[in-house]
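Read through the structure below, which is laid out as structure tokens, and then see the notes.
The values are calculated or read from the model by the stated rules, or taken from the named source; none is laboratory data. From a predicted model like this one, the values you see are computed outputs, not experimental measurements. Backbone-built Cβ (ideal geometry, glycine too); neighbour counts: all protein chains shown. When the accessible area is computed, the model is the full protein with side chains, heavy atoms only, and any ligands, DNA or RNA have been set aside. Shrake-Rupley method; radii C 1.70, N 1.55, O 1.52, S 1.80 Å.
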Amino acid sequence: MNHSTMEVSYTSHIRKGLIIAAIIIAINLIGHISKQILLPWYGFVILTVFIVASFISTWIFNAQTKGYEPFSTTLSHGFKTVAVATVIFFVYNFLAMHYFFPGYVTNQIEALKQEALQHGEKMESFTTNIDKAKQIYINTQLAGILILYLLAGGAGALLAAVSAPKKFKPTTSE
């Protein structure tokens with residue numbers, strides 16, 4: 001049987017990225033509606049689900065290709081899936097912080113303000129710069145989403161690509 005000409009069907013990285021993004025956006029929305037998003041651990045729940053989904057997505061690619069695709073192709077597919085999901089989650093978060101849940105940013109800034117007050121910080125300039133503080137917070141959060149989700153999802157995809165069982169295509173020396 002010649003495996004090199006065998007056409008393998010697999011789910012596209014775009015479809016899997018859309019599914020993963022939908023799952024983590026749903027968890028994020030649940031967090032906003034239930035106010036659980038304000039708890040420090042809730043973000044880690046979303047990130048953990050993302051890492052596990054990235055791992056499973058890459059593992060599924062390996063299973064769908066019956067293990068005949070090399071490590072580099074498997075990892076590439078996994079990382080492309082992670083990139084799609086991260087970009088969609090980034091856009092969602094941009095919209096959420098500016099339009100859907102603007103109170104979230106105000107709440108987080110207020111929490112930071114209270115923490116600074118407890119540490120003896122002077123708040124005279126803080127109240128005049130609240131809009132600047134909100135913009136810095138939003139930019140920091142969005143940059144963090146890009147970096148953290150690409151790295152963490154990439155790690156999940158890498159772990160799956162490394163641990164997925166591989167078969168090697170027979171080579172012909174004719």
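Counting only helices (runs of 4 or more DSSP H) that fall entirely inside segment 88-163 and contain at least 3 residues that are at pLDDT 85 or above, the qualifying elements are 102-118, 130-163. Filter segment 98-114 for residues that are under 22 Å from the mean Cα position of the chain (by Cα) and open to solvent by less than 10 Å² (accessible area, probe 1.4 Å) and give the result. Within segment 98-114, just VAL105 meets the criteria. Taken across segment 4-21, residues that are within 19 Å of VAL162 (Cα to Cα), open to solvent by 30 Å² or more (accessible area, probe 1.4 Å) and part of a helix (DSSP H, G or I) do occur, with at least one present. Restricting attention to segment 48-87, the residues that are open to solvent by 50 Å² or more (accessible area, probe 1.4 Å) and hydrophobic (A, V, I, L, M, F, W, C) add up to 10. ALA26 meets each of the listed conditions (1) in contact (Cβ under 8 Å) with a residue 12 or more places away in the chain; (2) closer than 25 Å to ALA155 by Cα; (3) aliphatic (A, V, I, L, M) apart from (1).
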